[in-house]
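Okay, so here's the structure we're looking at.
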Amino acid sequence: MALAACSALTPHLAVLASSGINSLSLRISTQADMVEYQAGSGGRLLPQRYMNELDSALIPVIHGGSASVPQTAMDMEFIFYITHTI
């Protein structure tokens with residue numbers, strides 16, 4: 001899931017960093033009848049364009065390539081930092 005999130009957001013790192021978003025959090029919750037995730041920074045959700053990218057990357061991973069929700073309820077939280085190396 002972390003790899004999918006990174007893959008979705010990597011093309012946008014320069015824009016995210018320039019807009020002051022240097023750390024991101026991602027929370028994924030699954031239950032037998034629902035799946036949801038939230039991604040944000042500084043107490044705010046990410047703008048919709050990034051959420052669309054995350055949808056494309058995360059939903060197939062969450063569902064494990066199938067059309068069903070994972071049977072085991074789980075909550076996962078990830079924190080990502082955008083760093084610059086000179």
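The values are calculated or read from the model by the stated rules, or taken from the named source; none is laboratory data. Nothing here was measured: the structure is a model prediction, and the numbers come from that model. Quick reminder, even Gly has a Cβ in these numbers, built from the backbone with ideal geometry, and neighbours come from all protein chains shown. For the accessible areas, the whole protein counts, side chains as well, though only heavy atoms, and no ligand, DNA or RNA atoms are used. Shrake-Rupley method; radii C 1.70, N 1.55, O 1.52, S 1.80 Å.
For the chain, what % of the accessible area comes from carbon and sulfur atoms, probe 1.4 Å? The partial results should precede the final answer.
On the way: 3090 of 5590 Å².
Heavy-atom surface of the chain belonging to carbon and sulfur, 1.4 Å probe: 55 percent.
For helix 48-62, report the angle its Cα long axis makes with the longest principal axis of the Cα atoms of the chain; keep it between 0 and 90° and round to the nearest 10°.
With both axes taken from Cα atoms, the answer is about 40 degrees.
May I ask you to derive the relative contact order of the chain, considering only C-alpha pairs under 8 Å and at least 6 residues apart, and to give it as an integer percent?
On the way: 107 pairs, mean separation 36.1, N = 86.
Here the relative contact order equals 42 percent.
Roll a 1.4 Å probe over the protein chains and send me the accessible area per residue for the chain in Å². Show your work: numbers first, answer last.
Working: 5590 Å² over 86 residues.
It amounts to 65 Å² per residue over the chain.
Based on the Kirkwood radius over alpha-carbon pairs, what is the Stokes-Einstein translational diffusion coefficient of the chain at 25 °C with 0.890 mPa s viscosity, in µm²/s? All intermediate terms of the calculation are to be shown ahead of the outcome.
Numbers: Rh = 13.6 Å.
In µm²/s, the coefficient rounds to 181.
Sort Thr30, Thr72 by heavy-atom solvent-accessible area, probe 1.4 angstrom, most to least.
Numbers: Thr30 0, Thr72 100 Å².
Final ranking, largest accessible area leading: Thr72, Thr30.
Quick check: net charge around Ala73, other residues with Cβ under 13 Å of its Cβ, Lys/Arg +1 and Asp/Glu -1?
Details: positive: none; negative: Asp33, Glu36, Asp75.
In short, -3.
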